[in-house]
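Rule-based calculations on the coordinates, nothing more; no lab input. Fair warning: this is a prediction, and the values are worked out from it, not measured in the lab. Glycine also receives a Cβ, built like all others from the backbone with ideal geometry; neighbour counts cover every protein chain displayed.
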Amino acid sequence: MESYPRDLLAYDNLASLYALQGQYEKAVEMHRAESRVAPNLGLAYQNLANNALALQRFDEARQLAHEGQTRSPNDFILRDALYALAFLDADSAAMAEQRKWFASKEEYENYGLALASDTEAYAGHLGKARELTKQAVDSAIRVDSKEGGAIWQENAALREAALGNSAEAGQSAADAMKLAPASPGAKSEAALAFAMAGDTARAESLAQDLNKRFPLDTQMQSLWLPAIQAQLALDRKNPATALKALPADSAIELGQIQFAINISCLYPVYVRGEAYLAAGQGSAAAAEFQKILNHSGIVWNCWTGALAHLGVARANAMQSRNSQGADADAARVRALAAYKDFLTLWKDADPDIPILKQAKAEYAKLQ
């Protein structure tokens, strides 16, 4: 940038690196500098909008997205951002408007279907989510994007595992790997999905391959592999090892995942929350799940955002059991409120989802 101040790629590359590391304020600075060099560049606006979302500055993100559309009306990433903002506002009409645009563009239709699938899953409408995922995968394959289809399929595998449907998770992860066996993104998600589904052999095999292929990839070494190893430790009923594999948070765990449709589902944070629960550390677990809720502009409509409510409930219920007197009473009140938040969110969810049955039983016992 010092030698070639009008070389836009330099600004964009540095901004992208900051976003990957979760340093969104610094990314904003670089994109602002980029837009000063090229005021009509749509690319800067899409990144600025996403960075604003990540920083929970929703009004600013909305303004940037609309400004970017005047310069680049067919920018699908701006449409993603507008869909996210509509979801966060619970504005179904605005979400439908963006879905209509995606449906009108053959090459981007799969993105709209994937977004809609995540939204249905967020509310516990698993049957609808499964059908939309199938449509998204088929749409991606039609435009010769097998890797895109694999990512959508692996997203489904992860949520099936989290919801307690281990067999479905394993099958979905395996199907996705057939579509794009060399994709690092699909393979990372597959390894975590297999681990969450209890298929330790396949998860370990994929993790070993990823570690060998990407020894210098920062996100692989700092996010994906630690989360996979932590989940494998949880499979072996060893939460202490899980927490050692996935140490205390740093900015990078909030970093943008480039192959994701949202900014990030914060999988490492979710797994760490589960590890603290397994270790009997309710207060620490609550803090991890709350972190997901506090970063809705990063998580968007990912299933982790919905299940974080249940995580907070379980963590506070644990605190109540392990405390006495006023502390126990306060934790119980917090737990009841969080269970109610989750069950209200899933008020018309498919009734046969294992984690929903568990949540209802836990709530009834606590009352």
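Considering the dipole of the chain built from charges on the beta carbon (Lys and Arg +1, Asp and Glu -1) around the Cα centre, which of 281, 222, 181 is farthest to its positive end? Result: 281, furthest along the dipole toward the positive end. Between the helical axis of 76-88 and the longest alpha-carbon principal axis of the chain there is an angle of about 40 degrees. Given springs between every Cα pair under 10 Å in a Gaussian network model of the chain, which of 117, 222, 104 has the largest fluctuation? Comparing 117, 222, 104 in a Gaussian network model of the chain, the most mobile one is 104. To test your reading of the geometry: what angle, between 0 and 90 degrees and rounded to tens, separates the Cα axis of helix 303-321 from the longest principal axis of the chain? So the helix axis and the longest Cα principal axis differ by about 30 degrees. Per-residue ellipticity at 222 nm computed for the chain from its helices equals -23500 deg cm²/dmol, with DSSP H segments shorter than 4 residues left out and the rest contributing -39,500 (n - 2.57).
Using all pairs of distinct alpha-carbon atoms, the Kirkwood hydrodynamic radius of segment 247-367 works out to 14.8 angstrom.
State which stretch of the chain is the longest one without any exposed trypsin sites (Lys or Arg not before Pro), exposure meaning a DSSP loop state and at most 11 other Cβ atoms within 10 Å. Within the chain, the longest run free of exposed trypsin sites (Lys or Arg not before Pro) spans 7-235. Less than 14 Å Cβ to Cβ from residue 323, Lys/Arg counted +1 and Asp/Glu -1: what total charge do the surrounding residues give? Value of the local net charge: +1. Largest GNM mean-square fluctuation among 172, 283, 139, using the chain with Cα springs under 10 Å: 283.
Taking the alpha carbon gyration tensor of segment 143-287, multiplying each eigenvalue by 5 and rooting it gives semi-axes of 23, 17, 14 Å, largest first. Over all distinct Cα-Cα pairs of the chain, the Kirkwood formula returns a hydrodynamic radius of 21.1 Å.
Relative to the longest principal axis of the Cα atoms of the chain, the long axis of helix 282-294 makes an angle of roughly 30 degrees.
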